[in-house]
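Inspection log for the structure reproduced underneath, given as C-alpha cells.
FYI, it's all coordinate maths here, none of it is from the lab. Bear in mind that the values here come from a model prediction, so they are computed numbers and not experimental data. Cβ placement follows ideal geometry from the backbone for every residue including glycine, while neighbour counts extend to all protein chains displayed.
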Amino acid sequence: MSSKNIKRRLTYVIYCLVGFFAIPFILTLYNVSYNLTTVLLHIVILLLVFYTLYQYRNLDNMYEINQKYNENRQKLLLRENELNSLFDNNNAYLWTIDFAEKTFLPSQGFEQVYGFSRDEFMANYELWKDRVIPEDLHIAEEHYAKLKSGLPSNRSFRFRNSAEEIRWLDAWGKPIFNEKKKVTHLTGVAYDITERKELEEKLYHNATHDYLTGLPNRKKLMLYMEEEIKKCEKTNQSLAVLFLDLDRFKFVNDSFGHNTGDRLLVQIGERLQAFIGDKGMVSRHGGDEFIIIIRYRAYKQFIDLVNGIINTFRTPYDLKIENSVISASIGISMYPKDDTTIEGLIGQADRAMYRAKSQGKNTYRFANPVLEEAEIRRNNVEQQLKKAMQLNEFEVHYQPIVNLKTGHIFETEALIRWKNPHLGMVMPLEFIPLAEDQGIMSDIGLWVIDQATKQTKDWQSKGMDIRLSVNVSNIQFEDPLFSRKISTILSKNQFKAERLTIEITESVLQNTEKASKTIHHLRNMGVEIAIDDFGTGYSSLSVINSLPIDTIKIDKSFISTLAENKHNAQLVQTIIGLGDTLNCKIVAEGIETQEQVDFLDELGCLYGQGYLYSRPESSDDIEKRIMEQSA
Ligand code: C2E
Ligand code: MG
Ligand code: MG
C-alpha cells in the first residue's frame, strides 16, 4: 500500500472517530438521555464505520485500477503512434485481409509504397496481385496460398507502383483463426526493400566483376560455368572454355606505361564483349588473361566464332600510340570431352594456350590433340581446296554398277577424287561439305559431269554399251539453272541424255516444289533420276510416288548388315517391293560378299555395286574391265 493511501485511510479513520464521538456530544447538546436505543444506535454507527472502512479498502483498489487504466491508455496511445510512425512511413505498411468481408485493409503507408489510394484496393482484397510483375506472380501466389492454408509466410517479390516503376516488396504475413480453427483473416506487414535490393545487387556486382574492365571476374566465371555445365547436361550440348592471353602485353606495359596497358585491357574487354554478346560470357581472369565460355551445338559455327575472336584483334586500338595492334593466343578445352570439372577445364585450356603461344602466337590450340589434328587438317583442306580446281587436282574415278545375276557392267558411277601434293588423296566426304561452304561445289560438280560424260562418250564411241550415273549435291541441284547447265554439257559432249542418271539424295526431296520442277525438266530432257543412299533420309512415300523416279539405290548400311539384322532384311525387301510398285530399278550399294549377293538375289534385287565387283577406279582401269566383258 502506498504512503498516499495510508494517509488517506488515516483521514477516514479520524473522520469516523470524530463522527462517533460527536453522537454523545450531540445527544447531550439536545438533552437526549443515553439509553438502550441510543447505545444500539451507537453500535450500529460503529459497525457502519467499520463497513465504510472496509469499503474504502475496495475503493482504494478501484482507484489503483483507474490509475493503471489511465497509465496503460497513455502507453497504448504512445504505442499506436509509434506503430503508425513505424509502418505509415514511405516504405512500409500493415495490412489485414478479411475473408468474410472480402476486404483488404492496408494502413496509410500503402499509399506511399504503391502510389495508389487505398480506397480502390480496400474494396477488392485480391487487387494487390494485379501489381505484381508476371515473372514474380508465382512467388506472390505461393505466399498467399501458404497464408490461406494456415501457415505464416515471408516472401519477396517485385511489383509495379503507380509510376510503373518496378520495386521490391518484402511481405510478412500470419493467418488468424476463429474458434473452429478456420482462417478468417490474414494480417501482416510489407516493406518496400528496393533500395536494399539495389544495394545488395551493387555489392554483388562489385564482388563478381573486375574493377578495371567491368567484366565478370573469376568468381562470377565459376558460378556461370557451374550453371552452363548443368544446362549442357540437360541439353546434350558442348561447352567450350577459351583461355585467351594477349601476346606481348608486357611490351606494351613496359614501353608505354601501365595506364596505356589498362586502357588497352578495357578496350579489349569491350571488343570481346561486343563480339560474343549473348552467345556466351567474357570474363577477365587476371592480368592480360581473359576466359570466354561458349555453349554450342554446331562445331562449325563454334570454329567460325573462334576465328572471329582472332579477327577482332586485327583492328588497331585507340591508344594514341603508333601501331597499336596486339594479338592473342587462345587455348580451348571442351566439356565434357576434355574434362568435367571447372578447374580441370580451365587448366586444360591454359595448357593449350601455352601451346598456341609456343607454336607461333596469334592462333588457337585445342586441349584435345585429336580434335586439334582434325582442326589443323580441316584448315589445310580448306586452304588447299580453294586452289584445287585451278591446279587441276581433281580426278574422276568410276565404280561399275552390275547386273547381279550375270555380273555384267551396264553402268558406272562417277566418283570424284582429289589428289593434293600436301594432303595426299582426299575423299569426297571430307571435302564436299567444305566446298559447299566455300560456294565452289556447283562448279566442281559440273566439272565432274563434264569430265564423266566426255569419258563415257569416249567408251561408247569405242563400242562399249555403257551408261553413266553422276552424283549431285543439294546445293548444286537447287540451282534454278541446273537442268539448263546439264543440257549445255550434254550437247557440248554429244552425250545422249537417256544414257545419264543423276543421283540425288532424299533430303533434296524435302523442298518438294523446287525439286519437282528440276526433276521434271531433267526427265523431259530424257535424263534418268536416282535416289541415292535410300533409307537414310526422310523421304515420304507420297513424294516419291508423285515424282518420276527411275532408280532407288539402297544405302550400303542396310546391305552390310543384311545377314545378321533381320529387320534390315525386311526393310530391303520392302524397298524392293516399292521398286516393283513404282516401276523403279533397285540398285544395292556396298556389296562386299557373295553371301550378300545371294541374299539380294533371293529378295529379288537385280542390280548392285560394291567392292566385291570393283572399287571405284581410274578411267583406264575401269576401261579394261569393261573391255574384258565385251570380249
Ligand atoms: P555415294 O554416291 O553413295 O557413293 C558410294 C560410296 O560408297 C563411294 O564412296 C564408294 O567408294 C563407296 N563404296 C562403294 N562400294 C562400297 C563397298 O562395297 N563398301 C564400302 N564400304 N563402300 C563402298 P566415295 O567415293 O567416298 O563417295 C562418297 C560420297 O561422296 C558419295 O556417296 C557421294 O554422295 C559423294 N560424291 C562422290 N563423288 C561426288 C561428286 O562428283 N559429286 C557429288 N555431289 N557428290 C559426290
Ligand atoms: Mg552415289
Ligand atoms: Mg550412296
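Could you state, as a whole-number percent, how many of the C-alpha pairs of region 404-551 are farther apart than 23 Å? I get 38 percent for the Cα pairs in region 404-551 exceeding 23 Å. Note on M464 and N403: their simple-model spin labels are 1.8 nm apart, each label 7 Å out from Cα toward Cβ. Note: region 90-198, Cα convex hull, 86 Å³ per residue.
Relative to the dominant Cα principal axis of the chain, helix 482-492 is inclined by about 10°.
Highest mean packing comes first when the peptides 30-40, 119-129 are listed by Cβ atoms within 10 Å, giving 119-129, 30-40.
Taking the square roots of five times each eigenvalue of the Cα gyration tensor of the chain, the equivalent ellipsoid has semi-axes of 99, 36, 21 Å, listed largest first. For the peptides 299-307, 494-502, residues were scored by their other Cβ atoms within 10 Å and the scores averaged per peptide; the highest-first order is 494-502, 299-307.
Against the chain, whose longest principal axis comes from its Cα atoms, helix 258-276 is set at around 70 degrees. Stretching the chain fully between L391 and N178 yields a gain of 67.2 nm (0.36 nm per residue, less the alpha carbon separation). When the alpha carbon gyration tensor of region 213-367 is reduced to an equivalent ellipsoid, the three semi-axes, largest first, read 27, 15, 14 Å.
At 1.306 mPa s and 10 °C, plugging the Kirkwood radius over alpha-carbon pairs of region 274-334 into Stokes-Einstein gives what diffusion coefficient in µm²/s? Estimated diffusion coefficient is 121 µm²/s.
The alpha-carbon of K514 sits under 15 angstrom from the alpha-carbons of these aspartates and glutamates, leaving out residues fewer than 8 places away in its chain: E478, D479, E506. Other residues lying with their Cβ under 10 Å from the Cβ of H209 contribute a combined charge of +2, Lys and Arg counting +1, Asp and Glu -1. Give the residue from N493, S483, T536 lying farthest towards the positive end of the charge dipole for the chain; charges sit on Cβ (+1 for Lys and Arg, -1 for Asp and Glu) and the dipole is referred to the Cα centre. The one lying farthest along the dipole's positive direction is T536. Each part reduced to its alpha carbon centroid, region 118-184 and region 408-465 end up 73 Å apart. When peptides 173-180, 225-232, 154-161 are ranked by their average number of other Cβ atoms within 10 Å per residue, the highest-first order is 154-161, 225-232, 173-180.
Straight-line cross-link reach from K462 at under 18 Å between alpha-carbon atoms covers these aspartates and glutamates, not counting any fewer than eight positions away in the same chain: E411, D620, D621, E623, E628. Quick check on my link table: of K387/K454; K485/K624; K75/K181; K230/K300; K250/K337; K517/K553, which ones sit more than 26 Å apart, alpha carbon to alpha carbon? Violating the 26 Å Cα-Cα cut-off are K485/K624; K75/K181; K250/K337.
For the pair Y299 and R218, a Förster radius of 22 Å applied to the C-beta separation gives a FRET efficiency near 0.20, rounded to the nearest 0.05. For region 370-443, what value does the Rg/Rh ratio take when both radii are computed over Cα atoms and Rh is the Kirkwood radius, given to two decimals? With Rg and the Kirkwood Rh in hand, the quotient comes to 1.11. Report the net charge of residues surrounding E623, where surrounding means a beta-carbon distance below 11 angstrom and charges are Lys +1, Arg +1, Asp -1, Glu -1. That sum, taken over residues with Cβ under 11 Å, equals -2. Ranking L169, M222, H205 by how far each Cα lies toward the positive end of the dipole of region 137-255 (charges on Cβ) leaves L169 at the top. Counting charges near E373 (Lys, Arg +1; Asp, Glu -1) among other residues having Cβ under 13 Å from its Cβ returns a value of +2. Here the chain is assigned +1 on the Cβ of each Lys and Arg and -1 on the Cβ of each Asp and Glu. Its dipole about the Cα centre then comes out at about 2840 debye. Taking the Cα atoms only, what angle lies between the long axis of helix 342-358 and the longest principal axis of the chain, rounded to 10 degrees? Around 50 degrees separate the two axes. Projected onto planes of every orientation and averaged, the convex hull of the alpha-carbon atoms in region 381-490 covers 8.1 nm². Dividing the alpha-carbon radius of gyration of region 490-631 by the rule-of-thumb value 2.2 N^0.38 Å gives 1.13. Calculated mean residue ellipticity at 222 nm for the chain: -16500 deg cm²/dmol, from DSSP H runs with n ≥ 4 weighted as -39500 (n - 2.57), summed, divided by the residue count and rounded to 500.
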